[in-house]
Structures are given as structure tokens and as C-alpha cells.
Amino acid sequence: MTRSTIQNSKNTQNRLPGGPAAARELHRSPLQKAARRILVAAIWIAVWYLAWGIVQQEILIASPGEVLLRLWRLGSTGDFWVSTLSSLLRIVAGFLLAVAVGCALAVLCRLSSFAYDLFYPVIRIIRATPVASFIILALIWLNTGSVPVFASFLMVFPIVWENVYRGIHSADKNLLAMAKVFRLTKGSVARNVYIPSVMPYFIAACNIGIGMAWKAGIAAEILGVPLHSIGTELYRAKIYLETVDVFAWTAVVIALSVVIEKVFIGFLKKAGEQYSLMEQEG
Amino acid sequence: MAVKIKNISKTFKEYEIFHHFSLRLPDCGCVCFFGPSGSGKTTLLNLIAGLISPDAGQIDLPPGDVSVVFQEDRLLPWASAQENVKLVLEKDLPPKEARAQALRALKAVFLEESAKKRPSGLSGGMRRRVALARALAYGGCVLLLDEPFSGMDAQIKNALFPVLSELKKEKLVVLVTHYPEEAVRLADVIHVLAGPPVRIAESILVPDGLREDTEKSLSLSRALTARLPADSQS
């Protein structure tokens with residue numbers, strides 16, 4: 001490898017998001033990557049075991065083995081799947097509603113400065129208000145099954161609105177002038193200039209939003225205790241000091257959040273691939 | 001109907017760029033605005049293109065479209081050369097025909113082999129040619145060219161001059177450049193700009209016969225170079 005090649009390679013590494021560590025990750029084989037992940041998981045499970053061994057009180061920390069066993073037992077009951085599916089539907093509904101309303105309102109605010117002035121204070125208030133306050137109010141206004149939808153919506157909506165608004169604002173002014181000169185249709189400008197500009201901001205918003213939707217949704221379920229929900233199961237586990245159940249249900253929430261995030265973000269990235277700035281031949 | 005610039009004034013911040021500036025451009029042929037950087041050439045082009053409006057006065061354009069090669073390429077970075085050209089044809093043509101016409105425009109600028117490449121895979125000169133192909137494909141009765149040959153090698157430039165010379169027979173081509181050879185090779189009239197406020201310091205008519213006479217062309221190029229400030233002469 002010549003000196004200039006080494007230099008170029010170093011520059012490329014430093015330009016990658018995540019820096020040199022991300023660049024090293026890129027050069028590992030899938031087998032190496034899988035082995036690394038298993039090792040990391042093993043280390044943290046060992047730390048968990050160690051903490052459990054030191055504390056020696058099931059009421060404070062459940063052992064990984066017991067949690068796994070509890071998950072296995074829960075999984076074999078129909079109630080587990082009903083609760084899990086109900087929570088999943090509520091939270092995904094809240095998230096998707098926030099995405100739809102956030103995007104629509106961001107476009108409206110970009111088109112009309114009055115709309116921006118009208119909605120901006122409301123969005124600031126939503127962002128600054130503790131989610132618990134909204135949940136309590138929602139419990140007064142709505143039925144308990146709708147509260148997690150509402151809580152997830154309120155957590156995600158300001159993030160989507162702000163990111164999409166910024167994305168629209170960041171559209172290249174030179175390209176917009178080009179579109180004006182060549183009299184491109186509004187649809188063409190949206191497709192060719194705005195959507196590619198918004199895509200990275202939108203993906204970032206969804207990435208953050210999915211985790212937030214789960215946190216707010218489960219919190220709302222714990223406070224509202226609707227029929228068939230993960231939050232209700234967590235609440236029961238807390239009442240009866242079933243720490244193993246708390247760990248098991250929390251593991252379910254984490255797993256669902258990660259899976260939904262991977263699927264949804266993977267889909268968005270696939271959709272946005274055509275706007276990637278990497279050179280594609282053919 | 002010709003392009004008529006009527007008594008326009010334009011101020012940016014506290015700088016008056018145009019002060020009651022008027023000019024009439026012909027229906028066809030090539031008019032060149034020549035001058036050093038900062039002499040208001042691009043602003044004048046942007047005013048004609050309608051990208052900025054004058055504070056006072058007006059610009060009358062003939063009915064029909066105005067096509068532009070911007071100083072920057074202004075290509076979609078995520079689209080191929082062909083898609084960039086096709087973009088301006090989509091409104092009027094079905095996709096298949098637009099694609100074929102885009103390829104023909106790229107062929108006219110000797111770039112058909114790079115049709116599938118994105119701007120990031122093209123050199124600066126090649127990107128200029130994609131921008132030129134886009135403007136050619138769009139058509140219209142006025143073609144505005146802002147430093148269209150920057151980054152191109154001499155061979156490509158020489159091959160493109162006849163393409164544009166043919167075009168100026170049927171439409172108005174407005175060329176902005178600070179390269180004397182480009183002005184001499186293409187223009188029928190060269191307006192040497194000075195200012196700001198922008199004014200036409202001198203208008204030079206370039207007879208067709210002059211281009212065939214190497215000695216006279218060189219002499220005019222040298223004369224134009226002498227009108228540039230010392231730090232702009234190359």
C-alpha cells in the first residue's frame with residue numbers, strides 16, 4: 001500500500017460517522033461481527049450474574065436463568081401473547097399517528113409562516129411538559145386503552161415535526177432555483193429535492209421516536225392499567241414484588257422495541273437508498 | 001420579440017449593483033457579457049432568468065422558456081446524468097421518450113457513455129456538460145450560459161463551440177465569461193461590463209469572418225484580456 005493510499009484510507013475512516021471505530025467495524029467479516037456481539041452479550045450477562053451473586057436477594061435482582069425460565073413459561077400462555085400484541089398495536093398506532101401528523105404539520109408550517117407561529121408554541125409546550133402529566137390528563141379525558149396511544153403520539157410527534165421541518169428547510173436553495181427555472185412540477189420538486197433532503201432527518205426522528213414511543217406507552221399502561229397490556233403486567237408484578245416478572249416483561253419491551261426499530265428503520269433506509277450520495281454504477 | 005432590460009436598479013445590502021441599467025438583446029445570435037469577477041455578470045443573468053427581481057425597472061422576455069446553465073452545476077447529487085437531464089423533460093414527455101431525449105442531449109455534449117453515472121462520479125468538466133445537456137434538452141427561446149466551459153479541457157471546448165454556434169442561429173444565447181477566447185469564439189457582440197454599478201464600458205461587434213482569421217481572433221482576445229484587471233488575467 002502506497003503512502004497516499006494509506007492517507008486516503010485514513011481520511012475515509014475519519015469521515016465515516018462513528019469515526020475510526022465504525023471504519024474498523026466495516027472491515028470485519030459477518031462471522032467476526034457475530035462473534036463480537038456474542039462476546040459483548042456474554043460479558044454483560046456475566047456482570048448481571050455477578051451482581052445477582054453479590055446481592056443474593058431475589059426481590060432486588062433476579063438471576064438471568066430465572067428470567068429466561070419465566071419468559072419461557074410466560075410465552076407458553078395465551079395471555080402473554082394477547083398482552084404483548086395489545087401493547088404493540090397501541091404503541092405502534094401512537095407512533096404512526098405521530099409520524100403522519102408530524103410530517104403533515106411540518107409541511108404546513110413550511111408553507112405558511114402563520115401556521116408555524118400558531119403551532120410552534122403548542123409543540124414547545126408538549127415538548128416541555130412531563131409525559132406523566134399528559135398521561136394523568138388523558139386518563140381523565142380518554143378510556144384507558146387509548147391513553148398509551150395518546151402518550152406515544154405526544155412523545156414522538158414533536159420530534160418528527162421538528163426534524164421534518166428542519167429537513168425541508170435544509171433543501172438546497174440552488175436546486176430549488178434550478179427547479180424554478182426549468183419549471184418543474186410541485187410533485188417533481190417534492191420527489192427530487194425535498195424528499196431526499198428530508199430523508200436523513202426523518203430517519204433520525206424515527207430512530208429516536210420508536211424508543212420514546214415504547215417508554216411513554218408502557219408508562220401510560222402502568223398508570224392506566226388497561227385490560228391486556230405489558231404495562232398492566234408490570235404493574236401487577238410491582239404490587240406483588242415479583243421482581244422476576246418485572247425483569248421478564250422489561251426484556252419483552254426491550255426486544256419488541258429493538259425488533260420494531262430494526263424493521264422500520266431498515267425499511268426506511270431501503271426506501272432512502274436511492275438518495276444515498278455514494279456512487280452507484282450501472 | 002427581443003429581451004428588453006428597461007431601466008433596472010438593484011441594490012444588495014448597501015451596494016447598488018444596477019442603477020437605471022437598460023439594454024436590448026436581439027432575438028437570436030450570441031451576446032456575451034464579459035468582465036472580471038464581481039462585475040455583475042451573474043447577477044445580470046439571474047435577473048434575466050427571473051431568479052431575482054429588480055428593485056425598479058423591468059425585464060421583458062419573449063414568450064417561451066428560458067434555459068440556464070448556472071455557474072454551479074446544480075445537479076441532483078442522487079440522480080444519474082441521464083436522470084438529471086430527464087428531470088426537465090418529465091413535464092412534457094412520457095418517461096420513455098424523456099429518457100431517450102435525455103440520452104440524445106448527453107450525446108450532443110459527448111457524454112452518452114457516462115449517462116448512468118452520478119455527479120460524484122464525474123469530473124468538474126463532465127458535470128458542466130451534464131448541466132449544458134440539461135439546458136439544451138429543455139429548449140426554449142433564450143439560453144443563458146454562466147461560465148459554461150469552466151473545468152473543460154480544450155478538446156471538448158473546441159467540440160462544443162460548433163454545437164452552440166449552430167444553436168445561436170435559431171435562439172438567443174447569452175454567454176457570461178471572463179475568458180476572452182470563449183467570447184471571441186461564440187459571441188456576435190461582446191459587452192464589456194464595468195462597475196458596480198454595472199455599466200457597459202464597451203460593446204464590440206464580432207463579425208463572422210473574424211473567427212476564421214486566427215491572427216485577428218488572437219488580437220481581439222489580447223485586447224479583451226487587456227481590459228481585465230491585472231489579477232484576473234491568466
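Please identify the pairs in which a residue from region A:268-282 that is of a type in the set (Ser, Thr, Tyr) has its Cβ atom under 8 Å from the Cβ atom of a residue that is modelled with pLDDT of 75 or more and not in a loop (DSSP other than H, G, I, E, B), counting only partners at least 6 apart or on another chain.
Note: pairs meeting the criteria are A:Tyr275/A:Ile195; A:Tyr275/A:Pro196; A:Tyr275/A:Met199.
What number of residues within region B:1-46 satisfy the criterion of being of a type in the set (Asp, Glu) and farther than 17 Å from B:Lys171 by Cβ?
2
Taking region B:82-107, which residues are aliphatic (A, V, I, L, M) and more than 12 Å from chain A (Cβ to nearest Cβ)?
The answer is B:Leu93, B:Ala100, B:Ala102, B:Leu103, B:Ala105, B:Leu106.
How many residues does region B:39-82 contain that are touching a residue at least 60 places away in the same chain (Cβ under 8 Å), crowded, with 17+ Cβ neighbours inside 10 Å and small (Gly, Ala, Ser)?
4
Criterion first (within 10 Å of chain A (Cβ to nearest Cβ), out of contact with any strand residue (DSSP E or B) (no Cβ under 7 Å at 6 or more places or on another chain) and either closer than 24 Å to B:His20 by Cα or crowded, with 23+ Cβ neighbours inside 10 Å (or both)) does B:Val130 satisfy it?
No.
All but one of (1) at pLDDT 95 or above; (2) not in a helix (DSSP H, G or I) hold for A:Gly145, so report the exception by its number.
(1)
Please verify whether region A:207-223 includes one or more residues that are touching a residue at least 24 places away in the same chain (Cβ under 8 Å) and of a type in the set (Lys, Arg).
Among the residues of region A:207-223, at least one is touching a residue at least 24 places away in the same chain (Cβ under 8 Å) and of a type in the set (Lys, Arg), which makes the answer yes.
Of all residues being surrounded by fewer than 23 Cβ atoms within 10 Å (Cβ to Cβ) and under 20 Å from B:Leu167 (Cβ atoms) in region B:108-125, which is nearest to the other protein chains (Cβ to nearest Cβ)? Just the residue, please.
B:Glu112
What are the residues in region B:59-72 that are more than 9 Å from chain A (Cβ to nearest Cβ) and either hydrophobic (A, V, I, L, M, F, W, C) or within 12 Å of the chain's Cα centre (by Cα) (or both), if any?
The answer is B:Ile59, B:Leu61, B:Val69, B:Gln71.
Of all residues in region A:164-204, how many are touching a helix residue (DSSP H, G or I) at 6+ places or on another chain (Cβ under 6 Å), without any contact (Cβ under 8 Å) to a residue 12 or more places away in the chain and not aromatic (Phe, Trp, Tyr)?
So the count comes out to 1.
Would you check which residues across region A:181-201 are facing chain B (nearest Cβ under 7 Å) and either touching a strand residue (DSSP E or B) at 6+ places or on another chain (Cβ under 8 Å) or in a helix (DSSP H, G or I) (or both) and list them?
A:Val181, A:Phe182, A:Ser188, A:Asn192, A:Pro196
Take A:Ala248 and tell me if it is buried (at least 21 other Cβ atoms within 10 Å of the Cβ) and either more than 14 Å from chain B (Cβ to nearest Cβ) or touching a residue at least 12 places away in the same chain (Cβ under 8 Å) (or both).
Working: buried (at least 21 other Cβ atoms within 10 Å of the Cβ): yes; either more than 14 Å from chain B (Cβ to nearest Cβ) or touching a residue at least 12 places away in the same chain (Cβ under 8 Å) (or both): yes.
So A:Ala248 fits the description; yes.
Scan region B:153-172 and tell me whether some residue there is touching a helix residue (DSSP H, G or I) at 6+ places or on another chain (Cβ under 8 Å), over 24 Å from B:Phe21 (Cβ atoms) and not in a helix (DSSP H, G or I). Talk me through it step by step, then tell me what you get.
Our first condition is that a residue be touching a helix residue (DSSP H, G or I) at 6+ places or on another chain (Cβ under 8 Å); within region B:153-172, this holds for B:153, B:156-157, B:160-161, B:163-165, B:167-168.
Checking which are over 24 Å from B:Phe21 (Cβ atoms) leaves us with B:153, B:156-157, B:160-161, B:163-165, B:167.
With the extra rule that they be not in a helix (DSSP H, G or I), the set shrinks to B:153.
Among the residues of region B:153-172, at least one is touching a helix residue (DSSP H, G or I) at 6+ places or on another chain (Cβ under 8 Å), over 24 Å from B:Phe21 (Cβ atoms) and not in a helix (DSSP H, G or I), which makes the answer yes.
If the requirement is being closer than 22 Å to B:His178 by Cβ and part of a strand (DSSP E or B), which of these qualifies: B:Ile59, B:Ile17, B:Ile52?
Going through B:Ile59, B:Ile17, B:Ile52 in turn, the sole match is B:Ile17.
So if I check each of B:Leu136, B:Leu175, B:Leu144, which one is in a helix (DSSP H, G or I) and under 29 Å from B:Ile8 (Cα atoms)? First the steps, then the outcome.
Working: B:Leu175 fails: in a helix (DSSP H, G or I); B:Leu144 fails: in a helix (DSSP H, G or I).
Selected residue: B:Leu136, the only one of B:Leu136, B:Leu175, B:Leu144 that is in a helix (DSSP H, G or I) and under 29 Å from B:Ile8 (Cα atoms).
Yes or no, residue by residue, for (1) modelled with pLDDT of 90 or more; (2) within 12 Å of the chain's Cα centre (by Cα); (3) part of a helix (DSSP H, G or I):
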position	(1), (2), (3)
A:Ala213	yes, yes, yes
A:Ala220	yes, no, yes
A:Thr250	yes, no, yes
A:Val259	yes, yes, yes
A:Phe267	no, no, yes
A:Lys270	no, no, yes
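Which helices (runs of 4 or more DSSP H) sit wholly inside region A:25-137 and have at least 1 residues that are assigned by TED's automatic domain parsing to the domain that holds A:Ala171 and within 30 Å of A:Pro200 (Cα to Cα)?
Because the criterion is at least 1 residues that are assigned by TED's automatic domain parsing to the domain that holds A:Ala171 and within 30 Å of A:Pro200 (Cα to Cα), the helices (runs of 4 or more DSSP H) in region A:25-137 that meet it are A:78-111, A:113-128.
Before we move on, is A:Pro158 in contact with a helix residue (DSSP H, G or I) (Cβ under 7 Å, 6 or more places away or on another chain), more than 14 Å from chain B (Cβ to nearest Cβ) and not in a helix (DSSP H, G or I)?
So A:Pro158 does not fit the description; no.
The values are calculated or read from the model by the stated rules, or taken from the named source; none is laboratory data. Remember, it's a predicted structure, so these values are computed and weren't measured experimentally. Neighbour counts are summed over all protein chains in view; Cβ atoms, including those assigned to glycine, are modelled from backbone coordinates with ideal geometry.
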